[in-house]
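Any read-out appearing in this document is the output of simple, stated calculations on the displayed coordinates, not a laboratory observation. The structure presented is a predicted model; accordingly, all values stated were derived computationally and were not measured. Note that each Cβ is placed from the backbone with ideal geometry, even for glycine, and that neighbours are counted across all protein chains shown.
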Amino acid sequence: MENIKAKKSLGQNFLKDEAVLNHIIESANLSKDDVVLEIGPGHGALTEKLAAVCKQVIAIELDERLIELLHTKFVGNQNVEIIQGDILKINLPELVASSQLLVHGYKVVANLPYYITSPIIRLLLETKYPPTEMVVMVQKEVAERIVAKPGAMSILAVSVQYYAKAEFLFTVFKQSFEPMPKVDSAIIKMSVTSNQQLVTSDKEKTKKFFRIVKSGFSAKRKTLINNLSNGLQLEKKVVEEKLAQLGFSANTRAQELGVEDWRKLVVLL
Ligand code: SAM
């Protein structure tokens, strides 16, 4: 299998560290009732361990060269299904709705291709049938940004934390991969919060929420008051009053607000 040359363009950094693979499996805390969607199984190192502890693994891999290898590896293995495709192009709601296994709820466990980390996470959180939980490997710096707290928030952090509780689990050093990437990675857990279905069904509310968040973050150096009054065409005084109601001063910047603060602010604006 090592004959297949890793494609940088597909974010192929394969995990070769057995201890890390086991740590991911422990962190995912799976049982024989769990159905797992894996994105980018690669050579199937994680897939194999997932299959040993859960009910079914459904793995989506883009690289045709790896598909052949995966089919050979898992031939006769009833609880592994390999699908060739691009996670960003397949019709995920249709895949979930048409699968007796996925439709009753599923988890995502994956070592994500880094070049499309954010679009994949966004897709999974915003889709019609989201997973209940995701345990994924991302670049360490991205992991830190996703789990950020008020004071260091970004649009990415707000976007994830709007839908899920995000936790940093552990760092994975770059030496654990072949080929070795330039930076370290980390495993994060995102537990989709119970009101998620409700929120996604309320599309207008979600749209308004993100329109306001985006305008709040529009100019990094400017205060929230300036950004919001420019972006939403509101009097500065009005924005200042609303922020004061939430206990924030006139100098507050967007990165200081947590998701709950944004929720309250959106209701007031
Ligand atoms: N799971 C393997 C491991 O841990 O060693 C491989 C992880 S590697 C970081 C990312 C994998 O995602 C590669 O196998 C790559 O071919 C696959 N991939 C890249 N883009 C993809 C896409 N759009 N859809 C599905 N898989 C993709």
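Descriptive notes on the structure:
- Filtered residues of the range 1-31 (kept if in a helix (DSSP H, G or I) and among the hydroxyl-bearing types (Ser, Thr, Tyr)): Ser9, Ser27
- Filtered by the rule that a residue be out of contact with any Pro (no Cβ under 8 Å at 6 or more places or on another chain) and more than 8 Å from the ligand (Cβ to nearest atom), the range 31-50 gives Ser31, Lys32, Asp33, Asp34, Val35, Val36, Glu48, Lys49, Leu50.
To keep it simple, each residue is scored yes or no on (1) surrounded by fewer than 16 Cβ atoms within 10 Å (Cβ to Cβ); (2) closer than 29 Å to Ala45 by Cα.
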{"site": "Val142", "(1), (2)": "no, yes"}
{"site": "Pro179", "(1), (2)": "yes, yes"}
{"site": "Ala186", "(1), (2)": "no, yes"}
{"site": "Met190", "(1), (2)": "no, yes"}
{"site": "Lys207", "(1), (2)": "yes, no"}
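- Filtering the range 36-57 to residues that are within 23 Å of Phe168 (Cα to Cα) and assigned to a strand (DSSP E or B) leaves Val36, Leu37, Glu38, Ile39.
- Residue list for the range 93-107, filter: closer than 18 Å to Ala59 by Cβ and surrounded by 12 or more Cβ atoms within 10 Å (Cβ to Cβ): Leu95, Val96, Ser99, Leu101, Leu102, Val103, Gly105, Tyr106, Lys107
- When residues in the range 247-259 are screened for being surrounded by 15 or more Cβ atoms within 10 Å (Cβ to Cβ) and not acidic (Asp, Glu), 8 of them pass.
Residues checked against (1) touching a residue at least 40 places away in the same chain (Cβ under 8 Å); (2) closer than 21 Å to Phe177 by Cβ; (3) more than 20 Å from the chain's Cα centre (by Cα):
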residue	(1), (2), (3)
Arg65	yes, yes, yes
Leu88	no, no, no
Ala97	no, no, yes
Ala110	yes, yes, no
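- Filtering the range 51-63 to residues that are over 19 Å from the mean Cα position of the chain (by Cα) and within 11 Å of the ligand (Cβ to nearest atom) leaves only Asp63.
- Ser27 being surrounded by 13 or more Cβ atoms within 10 Å (Cβ to Cβ), hydroxyl-bearing (Ser, Thr, Tyr), closer than 25 Å to Phe170 by Cα and more than 13 Å from the ligand (Cβ to nearest atom): yes
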